[in-house]
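Data block below; observations after.
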Amino acid sequence: IYVTRKCSEEQLQPLYEIADVEMWAEEEKPCPREVLLEKVTNADALLTMLSDSIDQELLDKGTQLKVVANLAVGFDNINVQYANEKGIVVCNTPDILTDTTADLTFGLLLTSARRLIEAADYVKDNQWKSWAPLLLAGHDVHHKTIGIVGMGKIGQAVAKRATGFDMKILYHNRTRNEEAETTLGAKFCRFDELLTSSDFVVCLAPLTKETKNLFDLEAFKKMKNTGIFINASRGAVVNEEDLYQALVNKEIAAAGLDVFLHEPIQADHPLVGLNNVVAFPHIGSASLETRYSMMNLCATNIKAVLSGEEPKTKVTI
Ligand code: 8YV
């Protein structure tokens, strides 16, 4: 079993019980592609992360590969169809990260709206000399309209948090989410209607052919000038150059981003330089409790497949 990032050995214990486990141990550097291409040749299982591209070339080299367990709910880094054609099972980690990711998403929204990072830096940088009525004044969150694009489990958990702030909830999704409508009062609407009517546009849609570059300049221009864009799904749903233009030209007021097109980004990334951008290093599911559960679920899934059993959370497309 090859594990492409340093994981907790305690959480991977189920794997140590059944096979030889090898792990990429350098924390500062992701497993290089050439290493993965070599390791897959005699691996029965891979435990992978989002930045590992599990494509046709790699799957062809894995002649004894039976299972790929991704430490994520998303699986856009894996050619699932090709894996399945080859009889390789793909697993992910849904459900257990829903609330943690929703907490972070709502936190990012609050942080962006109330300028919390700027405020904390203001004190740390010893700039607080006086008080003025509009000093670090942001935007209210309560009683505003949140528009959620992608009303899956995480979207719904964000909507639930929004009810606590007495927000009006709009959503756009491939299919209607009856539960969100009946229990949370969320209102389904067209994408452009959501953009024009929301104070906060929150993207939680998975990356697919349909959602790639969904948020372009045209979309940002439809948003309110006071609107705040939050992205906690995948960087590629956004055209980053268009987002930059929209922020610089004040088409929208601010953005809170946990995800980027090419991760990790560097501090000189144009979006990071903007005062009205809060950038996080893709930490949606990064609580200790949840990351331990995710590692454990990956291990349990791999163990199940290698023992000829059905894994708990298999990806089906
Ligand atoms: C991942 C994520 O855990 O679950 C997802 O889809 O984006 C994160 O929670 C993280 O990116 C590591 O792969």
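Readers should treat all values here as calculations from the given coordinates under stated rules, not as data from a laboratory. Owing to the predicted nature of the structure, the values given are computational and were not obtained by experimental measurement. Cβ sites come from the backbone with ideal geometry, for glycine too, and all protein chains shown count toward neighbours.
See the values below:
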| item | result |
| --- | --- |
| For q = 0.26, 0.31 Å⁻¹, Debye-computed log10 I/I(0) when each Cα of the stretch 36-88 counts as one equal scatterer | -1.04, -1.48 |
| Alpha-carbon spread of the chain, three principal axes, descending order, Å | 64, 47, 32 |
| Value of D in µm² per second that Stokes-Einstein yields for the stretch 222-284, Kirkwood Rh from Cα pairs, at 4 °C (1.567 mPa s) | 111 |
| Highest average packing first - 282-290, 31-39, Cβ atoms within 10 Å | 282-290, 31-39 |
| C-alpha long axis of helix 98-113 to longest principal axis of the chain, angle in ° | 30 |
| Flagged links, alpha-carbon separation over 26 Å, of Lys61/Lys314; Lys153/Lys312; Lys160/Lys209; Lys187/Lys314; Lys212/Lys250 | Lys160/Lys209; Lys187/Lys314 |
| Pairwise label distance in nanometres, Glu289 with Asp95, each label 7 Å out on the Cα-Cβ vector | 1.7 |
| Loop-resident sites, the stretch 264-317, for trypsin sites (Lys or Arg not before Pro), counting at most 16 other Cβ within 10 Å (DSSP) | Lys312 |
| Potential lengthening between Met49 and Arg174 on full extension [0.36 nm per residue; Cα-Cα distance subtracted] | 42.4 nm |
| Over the stretch 92-147, volume per residue of the alpha carbon convex hull, in Å³ | 107 |
| Compactness relative to 2.2 N^0.38 Å, alpha carbon Rg of the stretch 98-279 | 1.00 |
